[in-house]
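Here it is, the structure in full.
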Amino acid sequence: MIIDKIKKVNVQEENRKNLKASDMLVGKWVKCDNCKEILYKEELHENLGVCPNCGKHFRLSARRRIKQIIDEGTFVEIGNGLTTKDPLKFDGYVKKLEALKEKTKIEEAVVTGVGKINSDEVVIAVMDGNFLMGSMGSVVGEKITLAIEESIKRKVPLIMFCLSGGARMQEGIISLMQMAKTSSAIARHNDAGLLYISVLTDPTTGGVTASFAMLGDIILAEPNALIGFAGPRVIEQTIKQTLPEGFQRSEFLLEHGFIDKIVERKDMKETISKLIKLHINTNN
Amino acid sequence: MPKIKTSAWDKVLLARQASRPKALEYIENIFNEFIELHGDRLFSDDKSIIGGIGKIEDYTVTVIGQQKGKTTKENMERNFGMTNPEGYRKALRLMEQAEKFNRPIITFIDTPGAYPGIGAEERGQGEAIARNICSMSNLKVPIICVVIGEGSSGGALALGVGDKIVMLENAIYSILSPEGFASILYKDASKNKEAAENMKITAKDLKDFGIIDKIIKEPEGGAGENFESVTKELKTYILKSIKELNKLTKNELVENRYKKFRTMC
Ligand SMILES: [Zn+2]
């Protein structure tokens, strides 16, 4: 099986040149941490970042996600050019951000823009775990708020792919306030009668869970994503017990009534599209 | 006598002091009447949150406060002021009731954070906090939020979206505890004092950021040393704010609140 994979290398080397740097993973092979199968990365990417052997959904960069969801050639990025005021003057923070920008070729932990899903215009925000674990600081909060406001202005559905370790600690209390800023914007979006679909991906935790992630009219999740407010380790330390199997996973949230539906990545675009089309008002 | 500068860590200790006045004491001292109401109508009554209807001079208001205990026994009963989803949902029920009857809302914030437990997650801690934040931003009555002790993380913000945000001089308001910050960012939980200093969590820091509107002075040694003077100043400020906010139309009120949080960056 491994030999088969090596044969593909030359063909795929060509395709690889077209990829953005943020999509490049180091090395050609990856071991699936679920089924332990050795996977050729290009094959994994072609399978939408899902393990062909066991179905594990690997984390996706924002760029790859947008490619999977938005109609080709329709995505126009918005909200770039913002910088943090570095409110805590946290040692090395700004430098780290610069290095991450260079490495990931995205400006912050969320990419936002306008595009089409099966010809329907939407505003989309996609968080990226390669950028400080998708944590929300002032720029992420601002970009998300601008995206919500853009969706209100255009009167189009809002789609947000959430992925976050929580608030951006390096920005202290300013990060906390982003929860209020984004959630207030969602309240306005709601008042405008517009559709907001929130998609929770692995992991969605902390301040993002406790703000816009949980405020979707419809909340979808990828299989087996970690979703919660408190991190599992914090809970374990507090209650001094081992957590049950499957705790804070998508299936657990579905069972407890906190998400609408678990959707596999291969069905994600069509599911979102169907939901959008069901909200095009035919009752007037 | 020159006042000795209180360090950020000193303030953390003061804010957490067991003997420090808790929400109920503020309620008793500031409001001439108070009837406590219980339960979220969904699951249970979270005793880390006290809510009800009160009177401050002639104004009928809804009062909500996070209640820590002063003794271990009280703290067990109050879950150390760590709120579960049902506590946030009780608060939201009472805030929506306040909107229905057009009365201002006063919240007292004092929590080490939302409770991190299995049940809390099963019952949607994240959803409960998100719902409160989102709904508070849109309530068409004046909201005044007072951080009296520890305002930690989303567990505090869930009662903290208001038109006026006030902090006691020795209260703290932070994204997480200095200990947590030190262990995550310095990989060393013993650097808590350094963390407290660098995190900018004091009332003065928050005022400088433009996040809070008012600092209520505390006597040397903390609010408990001269509680009467503290509650007097706070009561005056609450009354002044209610009068000021009552002059606005409902739209202006909500619009100003939106702008207030919209510009925090
Ligand atoms: Zn696998």
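Taking a probe of 1.4 Å, how large is the accessible area per residue of segment B:55-124, in Å²? Don't skip to the answer; put the middle values down first.
Numbers: 2500 Å² over 70 residues.
Per residue, segment B:55-124 has 36 Å² of solvent-accessible surface.
Give the long-range amide H neighbours of residue B:68: residues separated by 5 or more places, or on another chain, with amide H under 5 Å away, using H modelled in the peptide plane at 1.01 Å from N.
B:23
Tell me, what ³J(HN,Hα) does each residue in segment B:129-140 have, in order and in whole Hz, if you take phi through Karplus 6.51 cos²θ - 1.76 cosθ + 1.60 with θ = phi - 60° and put x for Gly and Pro?
5, 4, 4, 5, 4, 5, 5, 4, 5, 10, 6, 9
A further question on this structure: For segment A:134-165, which trypsin sites (Lys or Arg not before Pro) are both in a DSSP coil and crowded by at most 14 other Cβ atoms within 10 Å?
When the trypsin sites (Lys or Arg not before Pro) of segment A:134-165 are filtered for loop state and at most 14 Cβ neighbours within 10 Å, A:155 remain.
Follow-up question, since we're still on this one. What is the sum of charges, Lys and Arg at +1 and Asp and Glu at -1, for the other residues whose Cβ falls under 12 Å from the Cβ of residue B:14?
On the way: positive: B:11, B:16, B:20; negative: B:10, B:150, B:169, B:218, B:220, B:225.
Counting the neighbours of residue B:14, the net charge comes to -3.
Determine the relative contact order of chain A: mean sequence separation of Cα pairs under 8 Å and six or more apart, normalised by residue count, in whole percent.
On the way: 475 pairs, mean separation 37.7, N = 284.
Rounded, it is 13 percent for chain A.
Treating the beta-carbon of each Lys and Arg as +1 and of each Asp and Glu as -1, no other charges, what is the dipole magnitude of the protein assembly as shown about its Cα centre, to the nearest 20 debye? Please list the in-between numbers first.
Numbers: 80 positive and 74 negative charges, 162 e Å.
Here the size comes out at about 780 debye.
In nanometres, what is the gap between the two model label sites at residue B:244 and residue A:35, each 7 Å from Cα along Cα-to-Cβ?
6.3
In 10 Å bins starting at zero, report the fraction of Cα pairs in the protein assembly as shown per bin as a rounded %.
4, 18, 28, 25, 15, 7, 2, 1, 0
Here is a further query. Which residue, B:67, B:137, B:125, has the largest displacement toward the positive end of the dipole of the protein assembly as shown when charges sit on each Cβ (Lys, Arg +1; Asp, Glu -1)?
B:137
Compute the semi-axes of the equivalent ellipsoid of segment B:1-159, taking the square root of 5 times each eigenvalue of the Cα gyration tensor, and list them largest first in whole Å. Each step should come with its number before you reach the end.
Numbers: eigenvalues 117, 83, 44 Å².
Semi-axes, largest first: 24, 20, 15 Å.
Now a separate question. Sum up the charges of everything whose Cβ sits under 10 Å from the Cβ of residue A:80, counting Lys and Arg as +1 and Asp and Glu as -1, but leave residue A:80 out. Show your work: numbers first, answer last.
Numbers: positive: A:143; negative: A:77, A:107, A:108.
With Lys, Arg at +1 and Asp, Glu at -1, the neighbours total -2.
Accessible area per residue for chain A in Å², computed with a 1.4 Å probe and the full protein assembly in place, what is it?
On the way: 12760 Å² over 284 residues.
On a per-residue basis, 45 Å².
Of B:19, B:32, B:254, which is farthest along the charge dipole of segment B:8-264 in the positive direction, counting Lys and Arg as +1 and Asp and Glu as -1 at C-beta?
B:254
Step through the table entries A:89/B:22; A:116/A:274; B:214/B:260, compare each Cα-Cα distance with 22 Å, and write down the pairs that go over it. Intermediate values should be presented prior to the final figure.
Working: A:89/B:22 33 Å; A:116/A:274 13 Å; B:214/B:260 14 Å.
Flagged as over cut-off: A:89/B:22.
How about segment B:151-259: which GluC sites (Glu not before Pro) there lie in a loop by DSSP and see at most 16 other Cβ atoms within 10 Å? Write down the numbers at each step before the final one.
Details: sites: B:169, B:179, B:194, B:197, B:220, B:225, B:228, B:233, B:244, B:252, B:255; in loops: B:169, B:220.
When the GluC sites (Glu not before Pro) of segment B:151-259 are filtered for loop state and at most 16 Cβ neighbours within 10 Å, B:220 remain.
Of A:125, A:192, A:169, whose Cα points farthest to the positive end of the dipole of chain A (charges on the beta-carbon: +1 Lys, Arg; -1 Asp, Glu; origin at the Cα centre)?
A:169
Compute, for segment B:8-264, the length of the dipole vector about the Cα centre, with Cβ point charges of +1 (Lys, Arg) and -1 (Asp, Glu) only. Units Debye, rounded to 20.
Charge dipole, segment B:8-264, about its Cα centre: 580 debye, nearest 20.
Roughly how big is chain A's charge dipole about its Cα centre, with Cβ charges of +1 (Lys, Arg) and -1 (Asp, Glu), in debye to the nearest 20? Numbers along the way, then the final one.
Numbers: 40 positive and 37 negative charges, 105 e Å.
The dipole of chain A has a size of about 500 debye.
Buried accessible area between A and B (1.4 Å probe, both chains summed, ligands and nucleic acids excluded), in Å² to the nearest 100? Show your work: numbers first, answer last.
Details: alone 14730 and 12610 Å², together 23350 Å².
Summing both chains' loss of accessible area gives about 4000 Å².
Given the options A:49, A:81, A:166, state which has the largest fluctuation in a GNM of chain A using a 10 Å cut-off (strictly under) for Cα springs.
A:81
How many percent of DSSP beta bridges within the protein assembly as shown run antiparallel, rounded to 5?
Details: 30 of 68 bridges.
Of all bridge pairs located within the protein assembly as shown, approximately 45 percent are antiparallel.
Can you give me the long-range amide H partners of residue A:37? Hydrogens built in the peptide plane at 1.01 Å from N, cutoff under 5 Å, separation of 5 or more residues or another chain.
A:32
I'd like the GluC sites (Glu not before Pro) in segment A:44-119 restricted to DSSP loop residues with at most 11 other Cβ atoms within 10 Å, sorted by number.
Numbers: sites: A:46, A:72, A:77, A:98, A:102, A:107, A:108; in loops: A:72, A:107, A:108.
Of the GluC sites (Glu not before Pro), the ones in loops of segment A:44-119 whose Cβ has at most 11 other Cβ atoms within 10 Å are A:72.
Follow-up question, since we're still on this one. Just how many % of Cα pairs in segment A:79-187 lie over 20 Å apart, if you round to the nearest whole percent? Could you put the intermediate results ahead of the total?
Values: 2187 of 5886 pairs.
When all Cα pairs of segment A:79-187 are counted, 37 percent exceed 20 Å.
Rounded to the nearest whole Å³, what is the per residue volume of the convex hull around the Cα atoms of chain A? Before the final figure, lay out the partial values.
On the way: hull volume 42.0 nm³, N = 284.
Looking at chain A, the number lands at 148 Å³ per residue.
Send over the per residue convex hull volume for segment B:8-264, Cα only, as a whole number of Å³.
Numbers: hull volume 31.2 nm³, N = 257.
With only Cα atoms used, segment B:8-264 gives 121 Å³ per residue.
Also, I was wondering about something else. Calculate the mean, over all residues of peptide A:215-222, of how many other protein chain Cβ atoms lie within 10 angstrom of the residue's Cβ. Mind showing how you got there, number by number?
Working: counts 6, 0, 0, 0, 1, 0, 0, 0.
Shielding by partners across A:215-222 averages 1.
Can you compute log10 of I(q)/I(0) for segment B:149-217 with the Debye formula, treating each Cα as one identical point scatterer, at q = 0.14, 0.15, 0.16, 0.18 Å⁻¹?
Once normalised to I(0) and log-transformed, intensities are -0.42, -0.48, -0.54, -0.66.
The values are calculated or read from the model by the stated rules, or taken from the named source; none is laboratory data. Everything quoted here is computed from the prediction, not taken from an experiment. In this analysis, Cβ positions are derived from the backbone assuming ideal geometry, glycine residues included, and neighbour counts consider all displayed protein chains. All accessible areas refer to the heavy atoms of the entire protein, side chains included, with ligands and DNA or RNA removed. Shrake-Rupley method; radii C 1.70, N 1.55, O 1.52, S 1.80 Å.
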